[in-house]
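Single-structure report; data block below.
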Amino acid sequence: MDALVSTDWLERELGASDLRVVDATKFMGDLGRDARAEYEAGHIPGAVFMDLAELTDPSSDIDNMAPQAEKFASRMQSLGLGDGSRIVLYDDSPGWCAARAWWLPAVRCA
């Protein structure tokens with residue numbers, strides 16, 4: 001599967017049993033926007049919300065550090081993401097947070 005897909009491709013594939021669509025929107029700083037509220041107001045049909053603000057390591061002194069592997073795996077399982085899933089990540093944030101969501105498994109599961 002390609003690393004990037006078109007909206008036409010996604011429209012054709014929506015509803016496939018192995019496809020998982022994930023809204024990974026996160027707003028950094030004080031933009032006055034709430035990613036979860038925006039997800040709840042409207043999102044791609046069938047998409048789940050990945051709360052990147054929650055997917056961090058609270059024990060780290062550095063903000064926004066990747067979570068421990070167990071926490072990451074647990075959150076992904078709760079979203080229905082796992083082996084055999086084709087996953088499409090997207091976001092509606094100026095920081096392209098879907099790229100962070102894509103990067104996290106490489107860091108946590110390597």
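Some observations on this one:
- Subtracting the Cα-Cα distance of Leu31 and Val5 from their residue separation scaled by 0.36 nm leaves 6.5 nm.
- Here the translational diffusion coefficient of the range 54-100 follows from Stokes-Einstein with Rh set to the Kirkwood radius across Cα pairs; for 37 °C and 0.692 mPa s it amounts to 267 µm²/s.
- Over the chain, all Cα pairs binned in 5 Å intervals from 0 give whole-percent P(r) values of 2, 11, 21, 25, 20, 13, 5, 2, 0, listed from short to long.
- From its DSSP helices (H runs of at least four residues, each -39,500 (n - 2.57)), the chain gives a residue-normalised ellipticity at 222 nm of -9000 deg cm²/dmol.
Where a number appears in this text, it was derived from the coordinates with a stated rule and is not lab data. Since we're looking at a predicted model, the values are computed, not measured.
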